[in-house]
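Presented below is the structure to which this report refers.
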Amino acid sequence: DQTSGMHLKQDLVMTYNNVNNEFQSLNRLHSIRTSRNDDIEMISCLLIYLSNYYTLPDLDFPHSTENNNEKRLFFLQAYRKSYSLVRMCKFTKNKKHNLLRFCEEVEQISFTQEPDYLKLKAILTGLI
């Protein structure tokens, strides 16, 4: 809440899900209010995507002529439920990316917890 500074409840909200964005958090895919953790998860997915030669590990959409937004959303939800950030890191093609420590740290952040941005920045700086 912008006026009180208190974190908003984790509940369903009306959102538009861009099914072409593979980096969304599971909360976002389920139309649950997102938090700072979800933002960092999306950044993590983007970093994994870049280190995996422009694809997320094992993310192969069915090649069906019936693919529509609802099926793609269901597929993305199932993928994100099955593949944690740590699992994605372990299955990348590029094993030299060193993102595992960052992803482990991100997975420890709860919905209402404020991330330790200095620690996350230090981990990312170490990747360069």
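The values are calculated or read from the model by the stated rules, or taken from the named source; none is laboratory data. If you're wondering where the values come from, they're calculated on a predicted model, not measured in any experiment. Note that we place each Cβ from the backbone using ideal geometry, even for glycine, and neighbour counts take in every protein chain shown. Quick note on the areas: whole protein, heavy atoms, side chains included, nothing else; ligands and nucleic acids left out. Shrake-Rupley method; radii C 1.70, N 1.55, O 1.52, S 1.80 Å.
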Could you tell me whether Phe111 is open to solvent by less than 60 Å² (accessible area, probe 1.4 Å) and either under 22 Å from Asn21 (Cβ atoms) or modelled with pLDDT under 85 (or both)? yes
If I filter the stretch 19-33 for residues that are surrounded by 16 or more Cβ atoms within 10 Å (Cβ to Cβ), at pLDDT 80 or above, assigned to a helix (DSSP H, G or I) and of a type in the set (S, T, N, Q), do I get at least one hit? no
Condition set outside any loop (DSSP other than H, G, I, E, B) and not hydrophobic (A, V, I, L, M, F, W, C), scope the stretch 95-108, selection most open to solvent (accessible area, probe 1.4 Å): answer is Arg101
Which one of these is modelled with pLDDT under 90, more than 14 Å from Glu22 (Cβ to Cβ), of a type in the set (Ser, Thr, Tyr) and surrounded by 14 or more Cβ atoms within 10 Å (Cβ to Cβ): Thr92, Thr125? Thr92
